[in-house]
Each structure stands twice: as structure tokens, then as C-alpha cells.
Amino acid sequence: MMDLIETTPKMDLAIQDSAHLVEALRAYHAIYSPLLQRREQREAAHASLQGLLATLPRKSIEPMVLAVDGVAPTAVRAMQSFSSAGQWNDERLVHQHWKEVEVDLGGAEGVLMVDGSDVPKQGSHAVGVKRQYCGALGKRANCQAGVCVGSGSSQGSTVLDRRLSVPTAWRTDEAYAARRTPCGLPPALTCTTKPEVAQEMRAAVVQSQALRSRWVVADAACGGNPALLDGVAGLGLWDCAEVPHSTRVWEARPATHVPPWRGRGRRPQRERLVEGAPAARTVLEMAGALPAEAWTRQTITEGSQGPMVADFAAIRVIAVRDTLPGPEVWLVRRRHSETGELKTSLGHAPVDTALAKLVHMSGMRWPIATCVADSKPLLGMGDDAVRSGTGWHHHMTLVILAHFFVVRMSLR
């Protein structure tokens, strides 16, 4: 019988179980309240957490306030101001949150994960809303696109950080000029791709030293960007990133040289492949050439579907960097035992890394997706109904804290 390779335990979030944890929530809020300067802000943060943890069909500001404080119009306006334009530094809360995650989920083999938090939007005035690919719908639609970084370990998983991904058109297209100021778009904001935003957040977690991390897992959007993978290695982490089947690698490091100067023009300085060196091959071609004995059948937990049986093969290859040989990495192939679906990952990890560990990492992308998916219906992640960038980040910060409160209570 095959051993089951566990990723992280599935966190069955049940917010109705937290209704009686009044004192626990008060103690949890007390961890963060010193980071809020004013009493009104501390009270609003506590009320927000109560509202996000309540069993409400929609968790925008008004229904949450009515559920917590009753019919109080002034309370609704105060909460709207707190969320949309409040001058409180949510980054301080996020950094404290990382320390709390280390207490309950920290481990030497901690994994940083990335997932999108795209939310369809009917209107067009909220910051960053544009017709673009929406992961929640699996197609292009009018939506607001966010990026979440999470942490996973053998104890469980949660969301660490969040960042709104603002389309370039919002900064450069005159058609969006009238929306920038009302939405509070920071003048210094640079428009970066989702993988670049994720890399910035990962780097911030690592550099804070608040949470132990060893691995980074990523989807093909990041795996197809060699500069981002090299950035992970530059942080001193190992990675396992899915890559497109068209990604090229070498089976062995090809010879390179600096061509001799022929006496004319500039003297060559850049290395090139020597004449006759083998061409890099696609990972799909290399998978087809693997002998049957190279594959090993494994059972791995991934997602909400339970254990999955697949065949795995892992070999060392040479990555391509700007047409030249780059770092030596792991090529990990996964073939579904029933459908035959192939997935490929490249991993920057030591040569003595066990196959079981590579298999484990190939299945470590689902926990963050589950965290985000659970947070939308249960904790109102997509119910912010605010227009400003400040409001979006404030709301997402409180959702992240609410999610980890439920995770912490389920563990304890």
C-alpha cells in the first residue's frame, strides 16, 4: 500500500462555532489594539471583527454594524469612515499578524504560497476595477484583482498579506483620470504584474524574520518568469513552481565560451553556446522520453477532493537563462493516474532533496486557494463595497485577522 503524502491539513472553517468565543475574540483583539492610536479606531476594529465573524448573508459595513450595534446611523457612518479613509496603519497589524502565525503555524519547513483574490464588480468606480481576467469566474470580466500571500505548514494554513493589483491603464490612460483621485490612488503607486506584487510581499515576510519560511510554491504565471524565480533564490529560499509545457531546459550543462575576437569591431564579452552544443528541449519533450522505471506512483492530498493518485518523476536539469545555461534545478513531472493530465514544475532545491518532499511541494498550492475561497463566503472578503485603495486594504487586513482567529480557535 502506498504511503499518503500529506500537504497541510484541511481547515474546516465554521464561524458559527466562534459565536460563543466572546472572551477569546476580546483577547485576540487586544493583541492588535495597541497598534491603533485612537480609542475609536480600537472599538471599530473590534466591531469589524465581530461583524466578519457573524453569520450574515453579506458582510458590507451596514449589515455588520446593524448586527453588532443595532440601529445606529452614526455608527454606520463612523465605520464607513474607519474602513474607507481611516488614518490607521494596517501594515503594523499585518506585521504583528505574522508573529502570531509563527506561534501557531510556524515551522522550519514553512511554505509561502500565492493566490489571486479577484472579485467581480458591477460598477466601474472602485479602485482598480477594469475588464480583465477574473480568477473567480475563469474568464475576462469587470473585476477588482488582488493578490494574497499565505503560509502553510504541517499545522495548517492562513493568509499573510494582501495587495491590490492595479492595471496599468489606471495610471496611464486618460479615460481613468477622473477616477484616480476619488479612489485615493497613491501618486507614487507603480503598476506591477501579479507575480511581481507577490514577490514584493514574499520578500517583506522573509526580511521581517517574523515567520520562518523555507519553501515558495507558485503557479505558471510566476514559474514562467525566470527573474522572479531567481528572486526567490536570492531570498535564500527553495521553490517549486509550475511552468508551461513549452519551458526549455537542458539535460546536462552545455559548453559555453566567449567567442574569440576577429580583429574587427568590438571585442566579444558575452558568453555564447559553443558551436554544436545541444539545443535546449521543452519539458514536455523530456517527459515523453522518460523511461517507465523513472515514474513512481504516489498518493497526495490536494484540495477538497481528498487523496489523489498520480505518477511522479523528478530529474536534475539545467534551466535556461537568456538563451544560456542557468542554475541546476529539479524538473518534477506529475501525471494523473486516471486522466493522464500532465503538470510540470521546476524546483530550486538541493540535489539531495527527496522525491517525497518534491511531491509534497507540488501539492502545496491548494491551501492558500482554499483560504481565499473560504474567506469570501464566510468572512466577507469580497463584500467590502468601498471605492478607495485604502478602504480595500483596510477591509482585507481585517478579513485576514478574522480568518486566522478561526484557524487559531480550531487548533486550540
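The values are calculated or read from the model by the stated rules, or taken from the named source; none is laboratory data. If you're wondering where the values come from, they're calculated on a predicted model, not measured in any experiment. Note that we place each Cβ from the backbone using ideal geometry, even for glycine, and neighbour counts take in every protein chain shown. Each accessible area value is taken on the protein alone, full model and side chains, heavy atoms only, with ligands, DNA and RNA left out. Shrake-Rupley method; radii C 1.70, N 1.55, O 1.52, S 1.80 Å.
Polar (S, T, N, Q), open to solvent by 50 Å² or more (accessible area, probe 1.4 Å), more than 18 Å from the chain's Cα centre (by Cα) and under 16 Å from SER388 (Cα atoms) - does that describe any residue in region 209-216?
Checked against the condition, which is being polar (S, T, N, Q), open to solvent by 50 Å² or more (accessible area, probe 1.4 Å), more than 18 Å from the chain's Cα centre (by Cα) and under 16 Å from SER388 (Cα atoms), region 209-216 yields no hits at all.
Sort out which residues of region 285-299 are closer than 21 Å to PRO327 by Cβ and modelled with pLDDT of 90 or more, and write them in order of number. Break it down into steps so the answer makes sense when it comes.
Restricting attention to region 285-299, the residues satisfying the condition of being closer than 21 Å to PRO327 by Cβ are 285-287.
Matches in region 285-299: GLU285 only.
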Open item on the list: touching a Phe, Trp or Tyr at 6+ places or on another chain (Cβ under 7 Å) and under 22 Å from GLY184 (Cβ atoms): which single residue out of ALA78, ALA85, ALA44 fits that description?
Closed with: ALA44
TODO: Please state which of the following conditions MET381 fails to meet, knowing it meets all the rest: (1) in a helix (DSSP H, G or I); (2) over 27 Å from ARG316 (Cβ atoms); (3) among the aliphatic types (A, V, I, L, M).
DONE: (1)
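Taking the stated definitions as given, is GLU109 charged (D, E, K, R) and in a helix (DSSP H, G or I)? Walk me through how you get there before you give the answer.
Working: charged (D, E, K, R): yes; in a helix (DSSP H, G or I): no.
Considered against the rule, which asks whether it is charged (D, E, K, R) and in a helix (DSSP H, G or I), GLU109 comes out as no.
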- [ ] Scan region 282-319 for residues that are among the small types (Gly, Ala, Ser) and in contact with a His (Cβ under 6 Å, 6 or more places away or on another chain) and jot them down.
- [x] ALA310
Open item on the list: When you check ALA204 against the structure, is it open to solvent by less than 40 Å² (accessible area, probe 1.4 Å), farther than 30 Å from LEU401 by Cβ and within 15 Å of the chain's Cα centre (by Cα), yes or no?
Closed with: no
TODO: Read through the list (1) assigned to a helix (DSSP H, G or I); (2) open to solvent by 20 Å² or more (accessible area, probe 1.4 Å); (3) closer than 28 Å to ALA126 by Cβ, then give the number of the only condition that ARG387 fails.
DONE: (1)
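Enumerate the strands (runs of 3 or more DSSP E) found wholly within region 269-356, keeping only those where 3 or more residues are in contact (Cβ under 8 Å) with a residue 12 or more places away in the chain and open to solvent by 40 Å² or more (accessible area, probe 1.4 Å). Break it down stepwise before answering.
Values: elements: 296-301, 307-321, 324-336, 342-348.
The qualifying strands (runs of 3 or more DSSP E) are 307-321, 324-336, 342-348.
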Task: Residues that are of a type outside the set (A, V, I, L, M), open to solvent by 10 Å² or more (accessible area, probe 1.4 Å) and not in a loop (DSSP other than H, G, I, E, B), drawn from region 113-150 - done: ASP115, GLY116, PRO120, LYS130, ARG131, GLN132, TYR133, LYS139, ARG140, ASN142
TODO: Quick one: MET361 ticks every box in (1) free of Cβ contacts under 8 Å to residues at least 40 places away in the same chain; (2) under 21 Å from the mean Cα position of the chain (by Cα) except a single one, so which number is it?
DONE: (1)
TODO: Just one of (1) open to solvent by 10 Å² or more (accessible area, probe 1.4 Å); (2) more than 11 Å from LEU346 (Cβ to Cβ); (3) under 17 Å from the mean Cα position of the chain (by Cα); (4) of a type outside the set (S, T, N, Q) trips up ASP230, so point out which.
DONE: (3)
Task: Residues of region 298-336 classified as farther than 22 Å from GLU285 by Cβ and either in contact with a strand residue (DSSP E or B) (Cβ under 8 Å, 6 or more places away or on another chain) or among the basic types (Lys, Arg) (or both), total - done: 8
TODO: Taking the residues in region 89-107 that are under 16 Å from ARG202 (Cα atoms) and among the hydrophobic types (A, V, I, L, M, F, W, C) as candidates, determine which candidate is surrounded by the most Cβ atoms within 10 Å (Cβ to Cβ).
DONE: VAL101
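Given the criterion of a type outside the set (S, T, N, Q) and closer than 30 Å to ASP374 by Cα, identify the matching residue among PRO244, PRO259.
Working: PRO259 fails: closer than 30 Å to ASP374 by Cα.
Exactly one residue qualifies, and that residue is PRO244.
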- [ ] State which residue pairs qualify: first residue more than 21 Å from ASP161 (Cβ to Cβ) and inside region 172-199, second residue small (Gly, Ala, Ser) and at pLDDT below 80 in any location, beta carbons under 8 Å apart, and separation of 6 or more residues or different chains.
- [x] ARG179/SER124
Task: Scan of region 55-80 for residues that are part of a helix (DSSP H, G or I) and open to solvent by 70 Å² or more (accessible area, probe 1.4 Å), ordered by number - done: GLU62, LEU66, ASP69, PRO73, THR74, ARG77, GLN80
